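Asker: Here it is, the structure in full.
The values are calculated or read from the model by the stated rules, or taken from the named source; none is laboratory data. In this text the structure is predicted, and so the values were computed from the model without any measurement. Here the Cβ positions follow ideal geometry from the backbone for every residue, glycine too, while neighbour counts run over all protein chains shown. Accessible surface is based on the protein model in full, side chains and every heavy atom, while ligands, DNA and RNA are left aside. Shrake-Rupley method; radii C 1.70, N 1.55, O 1.52, S 1.80 Å.
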Amino acid sequence: MAEQTNRRRPHGHGHGRHLMPDEKAKDFKGTLRKIIAYLGAYKIALVFVVIFALGGTIFNIIGPKVLSQATTELFTGLVAKVNGTGGINFDAILSILLVTLAIYCVSALCSLVQSWVMSGVTQRISYKMRQDIAEKINRMPFGFFDKNSLGDTLSRITNDVDTLGMSLNQSLTQMITSVATIIGVLVMMLSINVVMTLVTLLLLPISGCLIVFFVKRSQKHFVAQQNLLGEVNGVVEEAISGHTIVKAFNRQEETIKNFDESNERLYNAARQSLFISSFMKPIMDFIGNVGYVAVAILGSVFAVQGIITVGDIQAFIQYVKNFTQPLSQLTQISTVIQQLAASAERIFEFLAEDEEPLETYEATPDRGDGVIEFDHVKFGYESDKIVINDFSTVVEKGQTVALVGPTGAGKTTIVKLLMRFYDVTEGSIRIGGRDLREFNRADIRNRFGMVLQDTWLFSGSIRENIRYGRLDATDEEVEAAAKAGCAHHFIQTLPGGYDFVINEDASNISQGQRQLLTIARAILANRDILILDEATSSVDTRTEEHIQRAMDTLMEGRTSFVIAHRLSTIRNADLILVVNKGDIIEQGTHEELLALNGFYADLYNSQFADCDDSVEPA
């Protein structure tokens, strides 16, 4: 199976996006439309949310009007008692209070139901977004992860999805109830007194202008906050993944400095966003208090004139509170929506990234198609930076081909092209006479077994890690592969043997043991084309001899590509390709290349040359 690169090695956040705090949302309205599209899958549930939210709001609005009747009844009774013309009708007041209690109980029940349904909807949306991101990752081209920070990607699937889910749960129902409350309260206030209502409505344009003012100035900081959170995650992930290297080179202070710089930018963006948005509530509260004063004065005048009752004043003041409260809630919702949009934009931005093209080719490479041809291959990870200039060779079925050359010559890039991790820029790679681009990537990779210098093991038992090469393998086949890969002996020395659990970072076994397990995994996969990238570099000399014999057996009848820096390991290769600066500069057998006395001979002899004693020690 195609071995993956080590997930635990440090991922430089230098490839990630370093976003400045003044970055603005690219498409606020478009992001909201996409969120609405996600909500469309839950239309029925959302209809229930709206119905129960409106029901709870309506009953809550009716409450003060009904309660005002009790106030009026009490006031009228007191006046009658003082004048000696009657008394307080406690039975009527009790009936009114019981009706009011029932109304508020129904309102609370409706709110409880809509909260329960909405929580389910938002969590299902969060679940689907995480699923979409996970599936998207598997469709992404390798180039994306070469250019972007792993921590930033993880932040999108964790922090951004969590923020979106919580914000959506808070904002949607609160928006419904707030708007319904404003409309319902407005109707009730008009039914009590038009003049007092018009005075209250004068607050609206002032509130609206303030909301727009603060939203515009805080939105860019909320976007920057989410982006910088991804950057901080990238720095932390890098530091944790490479903690051994950090300590070995005593770079703790530099690591902390890098974190402090990113954390400082996050702090500034978060502080500015919260500082600006925090102005809205006290200002809205002040405007609401001004409304209370105006209503109290006008209500007193109208009550003396007999235009309204005392109970109406009490109800109207409560409605003014209920009117300004949803306005204040809407300002808070605007802040939540900004956070929601900032997170959603990052999620949708990731989901919109280019994917590997969808392939539906019917043809599949046959194991009998063994000849591999590189025909004037040219490739660059970026269009202006060519790595492979003009690479041509023919590899016969069953040959062992060694790729040698200095670091950065293009050896690993050739392997990536062969497995279609990338497609060639010019020229072609053919297998069995057909261009690789005529086959599905998955079908091509099913023919390859790969063992890399950077091992990859997941948290689980040793048996499960080896079986990853072929999931339907029996326990006997797993053990046979381990024996062939010289891993059986050390596995038996571990507690539990094949059931020994490897921890998350595989630190409870040695690097050499990890390498043996990945080799056993490749043996179990039993693919007809092998790629060995410094496969024995992490084991001792004696173990290397055992592995080399196992590899010789494994490579019989199979086409093998071996990337090696220790040239002593590839002396028996059928063909050695000497690669330098993206071109084949020499090719032949070990003896033929030594006879040329060229680049390969210099490279080979340099590994066995004595130290240069002419250099004075420092």
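Asker: Helix 90-139: angle to the longest alpha-carbon principal axis of the chain, degrees 0 to 90, nearest 10?
Answerer: 20
Asker: Which label marks the calculated value of Cα extents along the principal axes in Å, given the options (1) 105, 73, 52; (2) 129, 55, 48; (3) 84, 80, 55?
Answerer: (2)
Asker: In addition: Distance from the Cα centre of segment 32-46 to that of segment 375-424, in angstrom?
Answerer: Each part's Cα centre sits 47 Å from the other's.
Asker: Which of the listed residues, 126, 413, 112, is farthest toward the dipole's positive end in the chain, when Lys, Arg count +1 and Asp, Glu count -1 at the beta-carbon?
Answerer: The listed residue farthest towards the positive side: 112.
Asker: Long-range amide H contacts for residue 460: which residues qualify at under 5 Å (H placed 1.01 Å from N, peptide plane, sequence gap of 5 or more or a different chain)?
Answerer: Amide H to amide H, under 5 Å and 5 or more residues apart or across chains, residue 460 pairs with 502.
Asker: Still on this structure, I have one more. Summing +1 for each Lys or Arg and -1 for each Asp or Glu, what net charge is found among the other residues whose Cβ lies under 15 Å from the Cβ of residue 580? Working shown, then result.
Answerer: On the way: positive: 411, 581; negative: 390, 583, 586, 602.
Counting the neighbours of residue 580, the net charge comes to -2.
Asker: A further question follows. Determine how large the accessible area of residue 105 is when every protein chain is in place; take a 1.4 Å probe and give Å² rounded to the nearest 10.
Answerer: 80
Asker: Let's see if you can work this out: charge +1 on each Lys and Arg Cβ, -1 on each Asp and Glu Cβ, no other charges. What is the dipole magnitude of segment 112-224 about its Cα centre, in debye to the nearest 20? The partial results should precede the final answer.
Answerer: Details: 10 positive and 6 negative charges, 35 e Å.
In debye, rounded to 20, segment 112-224 gives about 160.
Asker: Right, next: Efficiency by 1/(1 + (r/R0)^6): what FRET value for residue 89 and residue 206, r their Cβ-Cβ distance, R0 = 45 Å, to the nearest 0.05?
Answerer: Values: r = 43 Å, r/R0 = 0.95.
Efficiency for this residue pair is about 0.55.
Asker: Starting from the residue with the highest accessible area, list 48, 214 in decreasing order, probe 1.4 Å. Walk me through the numbers before you get to the answer.
Answerer: On the way: 48 100, 214 20 Å².
Descending accessible area places them as 48, 214.
Asker: Given contacts defined as C-alpha pairs under 8 Å and at least six residues apart, what's the relative contact order of segment 42-130, whole-number percent? List each step's numbers first, then the result.
Answerer: Details: 73 pairs, mean separation 41.1, N = 89.
So the answer I get is 46 percent.
Asker: While we're looking at this one, here's another question. What does the highest-first list of 491-504, 120-133, 154-167 look like by mean Cβ count within 10 Å? Display every interim value, and only then the final one.
Answerer: Numbers: 491-504: 14.0, 120-133: 16.8, 154-167: 20.6.
Ranked by mean Cβ neighbours within 10 Å, highest first: 154-167, 120-133, 491-504.
Asker: Specify which residue in the list 256, 276, 226 is farthest towards the positive end of the charge dipole of segment 179-277, using unit charges on the beta carbon of Lys, Arg (+1) and Asp, Glu (-1), about the Cα centre.
Answerer: 276
Asker: Quote the FRET efficiency, to the nearest 0.05, computed for residue 279 versus residue 443 with a Förster distance R0 of 45 Å and r equal to the Cβ-Cβ distance. List each step's numbers first, then the result.
Answerer: Numbers: r = 60 Å, r/R0 = 1.33.
With R0 = 45 Å, the Cβ-Cβ based efficiency is 0.15.
Asker: Around residue 264, with a cut-off of 15 angstrom between Cβ atoms, what is the net charge of the other residues, counting Lys and Arg +1 and Asp and Glu -1? Don't jump to the answer; show the numbers that get you there.
Answerer: Details: positive: 257, 265, 271; negative: 231, 260, 261.
Taking every Cβ under 15 Å from that of residue 264, the sum is 0.
Asker: If contacts are Cα pairs under 8 angstrom and at least 6 residues apart, what is the relative contact order of the chain in percent?
Answerer: Values: 929 pairs, mean separation 107.0, N = 618.
That works out to 17 percent.
Asker: On to the next question. Round to the nearest 10 and report in Å² the accessible area of residue 95, as given by a 1.4 Å probe over the protein chains' heavy atoms.
Answerer: Here the residue's solvent-accessible area equals roughly 70 Å².
Asker: Per DSSP helix of 4 or more residues, -39500 (n - 2.57); summed, then divided by the residues of the chain. What does that give at 222 nm, rounded to the nearest 500?
Answerer: Working: 21 runs with 372 residues, N = 618.
Taking each H run of at least 4 residues, the total per residue is -20500 deg cm²/dmol.
Asker: Not counting ligands, DNA or RNA, and with a 1.4 Å probe, what is residue 135's accessible surface area in Å² rounded to the nearest 10?
Answerer: Its accessible surface works out to 90 Å², give or take rounding.
Asker: Ordering 97, 210 by accessible area with a probe of 1.4 Å, largest first, what comes out? Before the final figure, lay out the partial values.
Answerer: Values: 97 80, 210 45 Å².
Sorted by accessible area, descending: 97, 210.
Asker: Further, regarding this structure: Step through the residues of segment 520-526 one at a time and calculate ³J(HN,Hα) from phi using the Karplus curve (6.51 cos²θ - 1.76 cosθ + 1.60, θ = phi - 60°), rounding each to whole Hz and writing x for Gly and Pro.
Answerer: Listing the rounded values in order: 4, 4, 5, 5, 5, 4, 6 Hz.
Asker: Where the only charges are on Cβ atoms (+1 Lys, Arg; -1 Asp, Glu), what is the dipole of the chain about its Cα centre, to the nearest 20 debye?
Answerer: On the way: 56 positive and 71 negative charges, 696 e Å.
Dipole of the chain, to the nearest 20 debye: 3340 debye.
Asker: Relative to the present Cα-Cα distance, how much length would full extension add between residue 425 and residue 552 at 0.36 nm per residue of separation?
Answerer: Values: separation 127, 0.36 × 127 = 45.72 nm, distance 3.42 nm.
Value of the extension gain: 42.3 nm.
Asker: Go through segment 52-63 residue by residue and turn each phi into a ³J(HN,Hα) via Karplus (6.51, -1.76, 1.60, θ = phi - 60°); whole Hz please, and just put x for glycine and proline.
Answerer: Each residue's phi maps through the Karplus curve to give 6, 5, 5, x, x, 5, 4, 5, 5, 6, 5, x Hz.
Asker: Using the Karplus curve 6.51 cos²θ - 1.76 cosθ + 1.60 with θ = phi - 60°, work out ³J(HN,Hα) for each residue of segment 429-436 in order, rounded to whole Hz, and write x for Gly and Pro.
Answerer: Ordered by residue, 3J(HN,Hα) equals 10, 10, 10, x, x, 10, 4, 4 Hz.
Asker: Please list the non-local residues whose amide H lies under 5 Å from the amide H of residue 561, H modeled 1.01 Å from N, same-chain partners needing a gap of 5 or more.
Answerer: 401, 530, 531, 532
Asker: Residues of segment 405-423 with the amide nitrogen closer than 20 Å to a label point 7 Å from the Cα of residue 245, along Cα-to-Cβ, please.
Answerer: Only 407-413 fall inside the zone, counting backbone N under 20 Å.
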